[in-house]
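The values are calculated or read from the model by the stated rules, or taken from the named source; none is laboratory data. If you're wondering where the values come from, they're calculated on a predicted model, not measured in any experiment. Cβ coordinates were reconstructed from backbone atoms using ideal geometry, including for glycine residues, and neighbour counts include every protein chain displayed. Side chains are part of the model used for accessible areas, which takes the heavy atoms of the whole protein and leaves out ligands, DNA and RNA. Shrake-Rupley method; radii C 1.70, N 1.55, O 1.52, S 1.80 Å.
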Amino acid sequence: MADNIELTGPIGVFDSGYGGLTILKEIRRLMPEYSYLYLGDNARAPYGTRSFDIVYRFTLEAVTALFDKGCPLVILACNTASAKALRTIQQRDLPAMKPGLRVLGVIRPTAEEAGELSATGHIGILGTEGTVNSRSYDMEIDKLHPGFTVVSKACPMWVPIVENNEASNPGADYFVNKYIASLLESDAAIDAVVLACTHYPILYPKIRKAVPEGIKVVKQGDIVARRLKDYLRRHPEMERKITRGGDCRYLTTENPEKFTGLASVFLEEPVEVSHIDL
């Protein structure tokens, strides 16, 4: 009899650092009824400059840890992990794991939405060097929207600005304006700009001010949340496995006190976090 009981657990959310908290925040805002478990591999961040093999190995370790803690579904709330590890985990590792487990990323839903918002077919991508160099958005948008033009720009200073809690300071304006100007100078027909890093929504007020009116700025958090809600609607067998309760727990590979301090930049509530070794 017990063998027929369907196991349930929280939705797992993984990021190499802190930016995934912006994704988690929007998911919880849209679906507050579920339980969540966030894991940040903060001790080994950033992933952006690491090789595909290392990012894949680190991401698989984190995903496995979340599965071991009962999560039936894991969201890679990290563009680098989604770009460098998701496909291999989905195609090679998941079939060997417990049937029914799922891992989803942030690139495909963002690419779908960006393509739907662009009237000119010219899309700008602002991301980390790792995400830009992977060309994951270029390939995904080309697959979903053939014939579109994608121009990407790496913004190496934006993550440090956010993590040093300088996003609201006037000094950040220079680096925001610099990268956006460089992107738009590359293609005057761009009418949608994707913030392809989960840290960047913290800079949104400055980004929106720097981007001319008429050009849409696409944030990932609300997109991923809406697409996840739709995914669960279409997959009731997965939705039934997710624990209700509205609670959220946090795990970090770093010092918990450091995580708690930086998490306050991304969330408007205190968090209790535990250390985990991967």
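What to note about this one:
- Every residue from the stretch 221-273 that is surrounded by 15 or more Cβ atoms within 10 Å (Cβ to Cβ), polar (S, T, N, Q) and outside any helix (DSSP H, G or I): THR243, THR252, THR253
- Filtered residue count, the stretch 208-220, keeping only those that are outside any loop (DSSP other than H, G, I, E, B) and either acidic (Asp, Glu) or within 30 Å of GLU272 (Cβ to Cβ) (or both): 1
- Checking each residue of the stretch 181-192 against the condition of being in a loop (DSSP other than H, G, I, E, B), surrounded by 13 or more Cβ atoms within 10 Å (Cβ to Cβ) and in contact with a helix residue (DSSP H, G or I) (Cβ under 9 Å, 6 or more places away or on another chain) gives at least one match.
- Filter pass, ASP68 being among the acidic types (Asp, Glu) and either crowded, with 23+ Cβ neighbours inside 10 Å or touching a Phe, Trp or Tyr at 6+ places or on another chain (Cβ under 7 Å) (or both): no
- For the residues GLY100, GLY121, GLY115, the requirement of being at pLDDT below 95, of a type outside the set (Lys, Arg) and at positive phi singles out GLY100.
- A single member of ALA62, ALA77 is under 22 Å from LEU195 (Cα atoms) and at pLDDT 95 or above, and it is ALA77.
- Any hit, the stretch 152-161, residues being in contact with a strand residue (DSSP E or B) (Cβ under 7 Å, 6 or more places away or on another chain) and farther than 30 Å from SER264 by Cβ: yes
- Residues being surrounded by 21 or more Cβ atoms within 10 Å (Cβ to Cβ) and of a type in the set (Val, Ile, Thr) - total across the stretch 24-62: 3
- Pairing each residue of the stretch 158-174 that is under 14 Å from LYS209 (Cα atoms) with any residue that is exposed (fewer than 13 other Cβ atoms within 10 Å of the Cβ), provided the two are 6+ apart or on different chains, yields C-beta distances under 9 Å for ALA167/PRO205; SER168/PRO205; ASP173/LYS209.
- Selection of the stretch 199-220 for residues being open to solvent by 10 Å² or more (accessible area, probe 1.4 Å) and under 25 Å from LEU24 (Cβ atoms) yields HIS199, PRO201, ILE202, TYR204, PRO205, LYS206, ARG208, LYS216, VAL217, LYS219.
- Candidates ILE75, ILE89 - the one that is open to solvent by less than 20 Å² (accessible area, probe 1.4 Å), within 16 Å of the chain's Cα centre (by Cα), of a type in the set (Val, Ile, Thr) and within 27 Å of ARG240 (Cβ to Cβ): ILE75
- Residues of the stretch 123-180 that turn out to be closer than 22 Å to THR49 by Cβ, part of a helix (DSSP H, G or I) and under 21 Å from the mean Cα position of the chain (by Cα), as a count: 19
- Matching residues in the stretch 101-112 - criterion: being outside any helix (DSSP H, G or I) and open to solvent by less than 20 Å² (accessible area, probe 1.4 Å): VAL103, GLY105, VAL106
- Being modelled with pLDDT of 95 or more and either under 20 Å from VAL13 (Cα atoms) or not acidic (Asp, Glu) (or both) is a description that does not apply to THR131.
- Residue in the stretch 185-201 that is without any contact (Cβ under 8 Å) to a residue 60 or more places away in the chain and under 22 Å from TYR47 (Cβ atoms) present: no
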